[in-house]
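Q: Structure below; questions to follow.
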Amino acid sequence: MSRIDTLEALRALYGHPSGRAVEKEFDRLDRHFRGFIENSPFALISTAAPGGLPDVSPKGDQPGFVQALDDKRLAIPDRPGNKRMDSFQNIVENPVVGLLFLIPGMDETLRVNGRAEIRVDEDLLDRFVQEGKRPISVLVVTIEEIYFHCAKAFMRSSLWRPESWPNRSGLPTLGAMMRDQLGMAKTAREVDDDLAEAYRTTLY
């Protein structure tokens, strides 16, 4: 196997970006970026602690759950989870983050790179009340890079085409997988029922 381990070798293999690939990058929101975020119900956030492993975590809610505070800052509510806090622990040690916003049925995505801080300001929490409940905290991301990403990955994967989706009947449920991995005494159905109840009662 031949390994690429220098920037020079990497560029010799791939070349350099030019034209729109370079020009499309901005450092603040405009009306098109805002419109995409306002219609996105789902985003992925990447983080990494100094010297630690990277982490990618999904964030989702109703379209527009991420709000623009101004043309440089985005606010993302954090709802109840499993308390592992992988992303937030990374951010405390290293504030650099990456975001990828998706809109169902749309092959293009929006990428944001910047620096984040975890906020618990009362007025900020009040902006994100859902079903009568405030988020635990709000992640505020200051934008350093923002640009649209082309559709090729989604076109190749046919992600939004239901006819390309696998037959779920041949796949184990999460309860079945957890039961096997953790050696649980409960049946797979019981674990799935527990998960469903936790989702129902702790979504917000």
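The values are calculated or read from the model by the stated rules, or taken from the named source; none is laboratory data. Keep in mind that this is a model prediction, so the values were computed, not measured. Backbone-built Cβ (ideal geometry, glycine too); neighbour counts: all protein chains shown. Ligands, DNA and RNA are excluded from the accessible area calculation, which covers all protein heavy atoms including side chains. Shrake-Rupley method; radii C 1.70, N 1.55, O 1.52, S 1.80 Å.
Q: Which of the residues that make up region 139-177 are under 28 Å from ASN90 (Cα atoms) and more than 23 Å from the chain's Cα centre (by Cα)?
A: Scanning region 139-177 gives a single hit, MET177.
Q: Please find, among ASP71, ASP61, ASP30, the residue that is open to solvent by less than 30 Å² (accessible area, probe 1.4 Å), modelled with pLDDT of 95 or more and either within 15 Å of VAL141 (Cα to Cα) or acidic (Asp, Glu) (or both).
A: Going through ASP71, ASP61, ASP30 in turn, the sole match is ASP61.
Q: So, of the residues in region 35-58 that are open to solvent by 80 Å² or more (accessible area, probe 1.4 Å) and more than 11 Å from the chain's Cα centre (by Cα), which turns out to be nearest to VAL97 (Cα to Cα)?
A: Going through the qualifying residues, I end up with PRO54.
Q: With (1) open to solvent by 30 Å² or more (accessible area, probe 1.4 Å); (2) more than 30 Å from ARG161 (Cα to Cα); (3) modelled with pLDDT of 95 or more; (4) more than 16 Å from the chain's Cα centre (by Cα) as the list, and GLU131 as the residue in question, which single condition is left unmet?
A: Here GLU131 clears every test but (3).
Q: Within the set of pairs 6+ apart or on separate chains, which have a first residue in region 176-204 that is basic (Lys, Arg), a second that is part of a helix (DSSP H, G or I) and open to solvent by less than 50 Å² (accessible area, probe 1.4 Å), and C-beta atoms under 6 Å apart?
A: From region 176-204, the pairs are ARG179/ALA188; ARG179/VAL191.
Q: Now, a different point. When you check GLY81 against the structure, is it open to solvent by 10 Å² or more (accessible area, probe 1.4 Å), in a loop (DSSP other than H, G, I, E, B), small (Gly, Ala, Ser) and in contact (Cβ under 8 Å) with a residue 24 or more places away in the chain, yes or no?
A: no
Q: While we're looking at this one, here's another question. Within region 12-25, does at least one residue satisfy the condition of being at positive phi and of a type outside the set (S, T, N, Q)?
A: Yes: region 12-25 contains one or more residues that are at positive phi and of a type outside the set (S, T, N, Q).
Q: Turning to a different aspect of this structure: Does region 146-199 hold any residues that are open to solvent by 70 Å² or more (accessible area, probe 1.4 Å), closer than 30 Å to LEU110 by Cα and assigned to a helix (DSSP H, G or I), and which are they?
A: Hits for region 146-199 are LYS152, MET155, ARG156, PRO162, GLU163, ARG168, LEU174, TYR199.
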